[in-house]
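The values are calculated or read from the model by the stated rules, or taken from the named source; none is laboratory data. No experiment lies behind these values; they were computed from the predicted model shown. Cβ placement follows ideal geometry from the backbone for every residue including glycine, while neighbour counts extend to all protein chains displayed.
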Amino acid sequence: MDTNSCLLVTGSGRYVLSRILLMINEDKNAGVPVVEQRKQPAFSYYAAIVTAVMTGLTLGIAVGTPPLSGPFCKTGCFKYPFLDIGSRFPRDYLWMYPAIIATAWYLVLMVCIGNHARKEHRIYGQCGLAFAILSAGILIVDYFLQISVIQPGVVLGEPDGISLLSQFNPHGLFIALEEIGFILMSASFLCVAPLFSMNAVERAIRLIFVLSFSATIVSFLLFTLFLGVHREYYFEITAITVNWLALIVTSILLSVVFRKEIPR
């Protein structure tokens, strides 16, 4: 075989190899539309806005309707076993309806945050989402039980288990579930904090997430250490206030971050 033939065969081989590699690459991406490979910043932007609005609404209603029991109640307080709370329905439970919606949107926002992360940092978003799923699951079930179990039981004269489950019991299951739910929420904030460092807005988000987790854990330790079994509502109210305020502020800041990524 002469030199020209060898070159022709070699060139043909290289061409065939390049085509095979190209086909393999196309097969890997087959069926994946280009739009699905984007970060969907528009959806993330609106998710952040809705989360901020719903959380702010929930916090406002909750502050205006505190339960008439526990250490913060001064007059007209309900006492154990809390079977005479029928007159407080639905007033003291109105905040739980937007709370369920706000909590669901918090979970959606955590998905958006993970999707926003660069590929090499996705592990932080995945860990944050894992804690968010646990937090949202606990809180949504906790609120739904109050709406769908406690009040019908009181109104219809079925008091079994009311004392343990009622939000009016400062040592009850409702308060305990809220406490662990918001501890897990603060943990989700800490996990995703490393994802934000590109500019001043992102660094502010990171700082708020870290401070929220720190304040939640420190307050839990202090209230437990100094109050023991008399912790009652103190930590629950602190955890709600810290984490919901952090969620409101960071959602607003996240909307700024996501808006900048929307194609013009």
* Asked: All but one of (1) on the phi > 0 side of the Ramachandran plot; (2) in contact (Cβ under 8 Å) with a residue 60 or more places away in the chain hold for Gly228; which doesn't?
  -> (2)
* Taking the stretch 47-67, which residues are of a type in the set (Ser, Thr, Tyr) and either surrounded by fewer than 16 Cβ atoms within 10 Å (Cβ to Cβ) or assigned to a loop (DSSP other than H, G, I, E, B) (or both)? -> Thr65
* Across the stretch 134-148, which residue is surrounded by the most Cβ atoms within 10 Å (Cβ to Cβ) among those that are β-branched (Val, Ile, Thr) and touching a helix residue (DSSP H, G or I) at 6+ places or on another chain (Cβ under 7 Å)? -> Ile138
* Being among the polar types (S, T, N, Q) and surrounded by fewer than 16 Cβ atoms within 10 Å (Cβ to Cβ) is the filter here, so list the residues in the stretch 171-210 that pass it. => Ser197, Asn199
* Structure fact -> By residue number, the members of the stretch 165-180 that are of a type outside the set (Ser, Thr, Tyr) and assigned to a loop (DSSP other than H, G, I, E, B) are Gln167, Phe168, Asn169, Pro170, His171, Gly172
* To do: Would you check if Glu178 is of a type in the set (Asp, Glu) and modelled with pLDDT of 95 or more?
  => yes
* Please work out which residue is nearest to the chain's Cα centre (by Cα), limiting yourself to the stretch 68-100 and to residues that are assigned to a helix (DSSP H, G or I) and among the small types (Gly, Ala, Ser). => Ala99
* To do: Please state which one of Thr103, Thr55, Thr65, Thr51 is closer than 17 Å to Ile240 by Cα and more than 12 Å from the chain's Cα centre (by Cα).
  => Thr65
* To do: Look at the stretch 45-59 and say how many of its residues are over 12 Å from Cys112 (Cα atoms) and either among the aliphatic types (A, V, I, L, M) or at pLDDT below 95 (or both).
  => 7
* To do: Considering only the stretch 77-123, state which residues are of a type outside the set (A, V, I, L, M), surrounded by fewer than 19 Cβ atoms within 10 Å (Cβ to Cβ) and closer than 21 Å to Leu254 by Cα.
  => Asn115, Arg118, Lys119, Glu120, His121, Arg122
* Structure fact -> Subset of the stretch 182-218, residues within 15 Å of Tyr124 (Cα to Cα) and among the polar types (S, T, N, Q), comes to Ser186, Ser188, Ser197
